[in-house]
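First comes the structure, then the notes that go with it.
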Amino acid sequence: MSSIYRIGRKFGVPVHMDTYMLPGLHESGKSIGEQARLSRKMLLRQSLKRCGKSFRRDAFSLYVQTKLAQLEDNDIRYPTGVSCMAGNCSFTVNWQGEMRPCVSLSEPASDVFEVGFETAWRNISAGTKELRLSSKCGICSWRSVCKICVASAGLETGKYNGTPEYLCKYAKKYAELLGKYKKNI
């Protein structure tokens, strides 16, 4: 990670690195230690380190203050539907011609070769609008620092509306780290 940031600084190119890795499709039933991704402890350490390197110091301080303010605002309600671009304005088509809203979602899916591009897009766009997170996630006080989306919930728990313990624990600890950082500003 440090080398990638160094290259970005050398060429004046902003670098954004996301340290949360979704579990692989064939790893979701395995324990965290058996999966090809960072442990929660390493994820936390690298997440804060990544933020510190992605922002100028003053911007990082503002990021911390903003996130902590969001955590304190108990009136914030988050969407439980798909809130990213997946199926709203972006898609992926795999090597078999199957259009999906996101590389991490196996459904909704539509065969471009069979129904054509426009129909495939309408199918996955409509299907994406039906996907929902857990209602707990919509009111969770840790949501502003959580990595949850329907794809991560599905891969973490087997259900799009499941509540992934891995991400819940991550969000709580990340919020604690932000609080500790603020004290040192």
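Some points to look at:
- Put simply, when 100-109, 87-96 are sorted by average Cβ atoms within 10 angstrom per residue, most first, you get 100-109, 87-96.
- Å² of accessible area per residue within the stretch 79-178, as computed with a 1.4 Å probe and no ligands counted: 52 Å²
- Exceeding the 28 Å Cα-Cα cut-off - candidates Lys10/Lys172; Lys67/Lys136; Lys129/Lys173; Lys10/Lys173; Lys10/Lys169; Lys136/Lys180: Lys10/Lys172; Lys129/Lys173; Lys10/Lys173; Lys10/Lys169
- Restricting the trypsin sites (Lys or Arg not before Pro) of the stretch 81-185 to loop positions (DSSP other than H, G, I, E, B) with no more than 14 neighbouring Cβ atoms within 10 Å leaves Lys159.
- To the nearest 10, the accessible area of Ile4 is 90 Å² with a 1.4 Å probe.
- Other-chain or far-sequence residues with amide H under 5 Å of Asp111's (modelled H): Met99
- Given R0 = 22 Å, the distance between the Cβ atoms of Val115 and Cys84 translates into a calculated FRET efficiency of 0.35.
- Residue among Gly138, Ala109, Trp121 farthest towards the positive dipole end of the stretch 79-150, charges placed on Cβ: Gly138
- Rg/Rh ratio calculated on Cα atoms of the stretch 88-179 (Kirkwood radius): 1.09
The values are calculated or read from the model by the stated rules, or taken from the named source; none is laboratory data. Worth saying up front: this structure is predicted, and the values here are computed from it rather than measured. Reconstructed Cβ throughout: ideal geometry from the backbone, glycine too, with neighbour counts over all protein chains shown. The accessibility values were calculated without ligands, DNA or RNA, using every heavy atom of the protein model including side chains. Shrake-Rupley method; radii C 1.70, N 1.55, O 1.52, S 1.80 Å.
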